Amino acid sequence: MTPEQAITGVKKLQASYPMMQKLDEASITAYVQEIGLLKWEDFSAGMTVLVRTSKFFPAISEIMDAAEDACRKRLAVQDH
């Protein structure tokens with residue numbers, strides 16, 4: 001995904017957890033750097049699952065796992 005999409009994604013995640021203390025610049029940079037490796041569609045699908053199922057703001061590893069699961073599902077659909 002583009003850096004702009006990654007920043008938008010982090011902002012959407014933060015907005016989904018309004019009681020959470022806002023991320024500082026270093027944390028935002030770390031999240032953007034790591035999730036920037038993902039395809040937007042996989043990140044977006046994974047983020048939707050996390051927001052619906054997680055009570056707490058997800059760690060980078062949780063976002064990566066959710067996006068990987070979304071990617072697997074997307075590829076399985078394409079194979080059929």
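Coordinate-derived values only; no laboratory data. Given the structure is predicted, the values throughout are model-derived calculations rather than measurements. Positions of Cβ are backbone-derived with ideal geometry, glycine not excepted, and every protein chain shown enters the neighbour counts.
Between the listed residues Tyr17, Trp40, Ala59, the Cα displaced farthest toward the positive end of the dipole of the range 1-79, a dipole computed from Cβ unit charges relative to the Cα centre, is found at Tyr17.
Working note: Cα atoms of the range 1-73, range along each principal axis, descending, whole Å: 32, 26, 17.
Other residues whose C-beta falls under 14 angstrom from the C-beta of Leu13 contribute a net charge of +3, scoring Lys and Arg +1 and Asp and Glu -1.
Electrostatic bookkeeping for Val32 treats Lys and Arg as +1 and Asp and Glu as -1; over the other residues with beta carbon under 12 Å from its beta carbon, the sum is -2. Over the range 35-80, the Kirkwood radius and the radius of gyration, each from Cα atoms, give a ratio Rg/Rh of 1.00.
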